[in-house]
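Working notes for the structure below.
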């Protein structure tokens with residue numbers, strides 16, 4: 001029998017432990033162009049228990065926060081998002097391994113690569129990706145293999161794949177609801 005998702009997940013919640021991934025996984029993106037993608041990253045964070053999303057902008061931040069918040073919905077009550085410069089971002093990454101979600105000549109298949117447990121996953125701008133000066137700061141770079149004819153993914157979709165792969169590797173017990 002099928003049932004709506006909200007009652008399903010409430011029923012599956014076995015305890016009141018905080019399963020948040022605070023201080024183990026952070027989602028980050030560099031100069032996103034569309035507020036819907038920023039909102040989708042915040043909502044993803046809320047779905048999987050990540051407490052922070054970092055939005056990195058070297059240029060003026062000019063996304064409409066109302067659109068970000070509409071897409072993020074209820075995740076804003078338990079996920080904070082911070083807007084920061086590249087300099088502040090690099091400083092905030094101290095204690096984490098910075099992993100680029102980007103297709104480069106050095107990128108490895110995300111499904112055959114071991115992601116670090118203390119991890120900041122960084123996605124790039126929808127059109128230009130992650131600039132070289134940030135890629136050089138990354139411990140590694142991973143890509144999502146795409147066997148079809150279309151050779152790119154929406155940034156929030158790629159981050160979803162990457163975040164769930166990180167969870168599969170490090171928090172598999174949370175996936176067994």
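Among (1) part of a helix (DSSP H, G or I); (2) farther than 27 Å from residue 58 by Cα, there is one condition residue 111 misses while meeting the rest; what is its number?
(1)
Give the range 160-177 a look and list any residue that's in contact (Cβ under 8 Å) with a residue 12 or more places away in the chain and either crowded, with 19+ Cβ neighbours inside 10 Å or under 19 Å from residue 26 (Cβ atoms) (or both), or say none.
160, 161, 162, 163, 164, 165, 166, 167, 169, 170, 171, 174
Would you mind stating whether residue 122 is assigned to a loop (DSSP other than H, G, I, E, B), under 16 Å from the mean Cα position of the chain (by Cα) and modelled with pLDDT of 95 or more?
In short, no.
Mind counting the residues in the range 129-177 that are within 22 Å of residue 38 (Cβ to Cβ) and touching a strand residue (DSSP E or B) at 6+ places or on another chain (Cβ under 9 Å)?
Total satisfying the criteria: 21.
Looking at 12, 23, 82, can you tell me which residue is modelled with pLDDT of 85 or more, surrounded by fewer than 19 Cβ atoms within 10 Å (Cβ to Cβ) and more than 20 Å from residue 154 (Cα to Cα)?
Exactly one residue qualifies, and that residue is 82.
Can you spot a residue in the range 142-159 that is part of a loop (DSSP other than H, G, I, E, B), under 20 Å from residue 50 (Cβ atoms) and in contact (Cβ under 8 Å) with a residue 60 or more places away in the chain?
Within the range 142-159, one or more residues are part of a loop (DSSP other than H, G, I, E, B), under 20 Å from residue 50 (Cβ atoms) and in contact (Cβ under 8 Å) with a residue 60 or more places away in the chain.
Would you mind telling me which numbered condition in (1) closer than 19 Å to residue 158 by Cβ; (2) free of Cβ contacts under 8 Å to residues at least 60 places away in the same chain; (3) touching a helix residue (DSSP H, G or I) at 6+ places or on another chain (Cβ under 8 Å) residue 50 fails?
(2)
Looking at the range 92-105 only, could you name the residues that are in contact (Cβ under 8 Å) with a residue 12 or more places away in the chain and either farther than 24 Å from residue 153 by Cα or touching a helix residue (DSSP H, G or I) at 6+ places or on another chain (Cβ under 6 Å) (or both)?
92, 93, 95, 96, 100, 101
Does residue 162 meet the test of being in a helix (DSSP H, G or I), at pLDDT 95 or above, closer than 11 Å to residue 99 by Cβ and out of contact with any helix residue (DSSP H, G or I) (no Cβ under 7 Å at 6 or more places or on another chain)?
yes
With respect to the numbered conditions (1) surrounded by 16 or more Cβ atoms within 10 Å (Cβ to Cβ); (2) farther than 19 Å from residue 164 by Cβ; (3) within 16 Å of the chain's Cα centre (by Cα), which one is the sole condition not fulfilled by residue 75?
Failing condition for residue 75: (2).
Only one of these conditions is not met by residue 89: (1) in a helix (DSSP H, G or I); (2) more than 16 Å from the chain's Cα centre (by Cα); (3) in contact (Cβ under 8 Å) with a residue 40 or more places away in the chain. Which number is it?
Here residue 89 clears every test but (2).
Could you count how many residues in the range 125-141 are surrounded by 13 or more Cβ atoms within 10 Å (Cβ to Cβ) and not in a strand (DSSP E or B)?
8
The values are calculated or read from the model by the stated rules, or taken from the named source; none is laboratory data. Small disclaimer: the values here were computed from a predicted structure and weren't measured. Don't worry about glycine lacking a Cβ; one is built from the backbone with ideal geometry, like all the others, and counts go over all protein chains shown.
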